[in-house]
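Data block below; observations after.
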Amino acid sequence: MRKMGAEELRQKAEELMQKAVELKTAIELKSPEEIRRATEHSVRGFRAVLFGEKAFRTDLVAFVACAAVACAMWYFGVVTCCECAVMVYTVFMALVAEIINTAIETTVDRISTEYNELSGRAKDIGSACVFVAFFGAGVAWFVILLGGAIEKGWFASALAFFRGGASS
């Protein structure tokens, strides 16, 4: 290993100090005051969507109902705990999509209330986001429930019942 001269050593030390400053900047955390302000903004936004958007309230009721059904199915052993969590999470993400859709609609309305093709397209895309989220939740629920029914042999039992009932 070769020895470094004083100038090389000083340059290396400066490079390391610069990297340390960059790293400190990259992992700098918010202050408690910044976290408090961000929380206030989040609460204000949640209140705005809760009290100002009928669609969000409807979706919130659907979420609560679906979460209750999923938890009841877990309690009675129809689905596993993980399946229940996935079922609740998928409907929760549809709520998130509704909040994003509301933000898009509010922004578009803030820019102009006059009809504009691009504004209409932006609103339609936001609405499609909500639709896709709910459709995905429906697919997840269907796959989980169908898989559980097949795994537990419910279809075979039902088929045997109906075949036996038809021959009587």
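The values are calculated or read from the model by the stated rules, or taken from the named source; none is laboratory data. The shown structure was predicted, so the numbers you read here are calculated from the model rather than taken from an experiment. Glycine also receives a Cβ, built like all others from the backbone with ideal geometry; neighbour counts cover every protein chain displayed.
If you take the residues in region 42-75 that are charged (D, E, K, R) and surrounded by 16 or more Cβ atoms within 10 Å (Cβ to Cβ), which one is farthest from Thr106 (Cα to Cα)?
Asp59
Can you find a residue in region 79-98 that is outside any helix (DSSP H, G or I), touching a residue at least 40 places away in the same chain (Cβ under 8 Å) and surrounded by 11 or more Cβ atoms within 10 Å (Cβ to Cβ)? Before the answer, list the steps.
Filtering region 79-98 for residues outside any helix (DSSP H, G or I) gives 79-80.
The next check asks that each one be touching a residue at least 40 places away in the same chain (Cβ under 8 Å); those that pass are 79.
Filter once more, so that each one left must be surrounded by 11 or more Cβ atoms within 10 Å (Cβ to Cβ): 79.
Within region 79-98, one or more residues are outside any helix (DSSP H, G or I), touching a residue at least 40 places away in the same chain (Cβ under 8 Å) and surrounded by 11 or more Cβ atoms within 10 Å (Cβ to Cβ).
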In the set Phe134, Phe142, the lone residue that is within 17 Å of Ala70 (Cα to Cα) and surrounded by fewer than 11 Cβ atoms within 10 Å (Cβ to Cβ) is Phe142
Close pairs from region 16-31: first at pLDDT 75 or above, partner among the β-branched types (Val, Ile, Thr) and exposed (fewer than 10 other Cβ atoms within 10 Å of the Cβ), Cβ under 9 Å, at least 6 apart: none
Check Ala103, Ala137, Ala133 and return the single one that is touching a Cys at 6+ places or on another chain (Cβ under 9 Å), modelled with pLDDT of 85 or more and not aromatic (Phe, Trp, Tyr). Ala137
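Could you please let me know if Thr39 is of a type in the set (S, T, N, Q) and either within 19 Å of the chain's Cα centre (by Cα) or on the phi > 0 side of the Ramachandran plot (or both)? Spell out how you get there, then give the answer.
Values: of a type in the set (S, T, N, Q): yes; either within 19 Å of the chain's Cα centre (by Cα) or on the phi > 0 side of the Ramachandran plot (or both): yes.
Criteria met by Thr39.
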Report, by residue number, each residue of region 14-61 that is in contact with a Ser or Thr (Cβ under 7 Å, 6 or more places away or on another chain) and assigned to a loop (DSSP other than H, G, I, E, B). Glu53
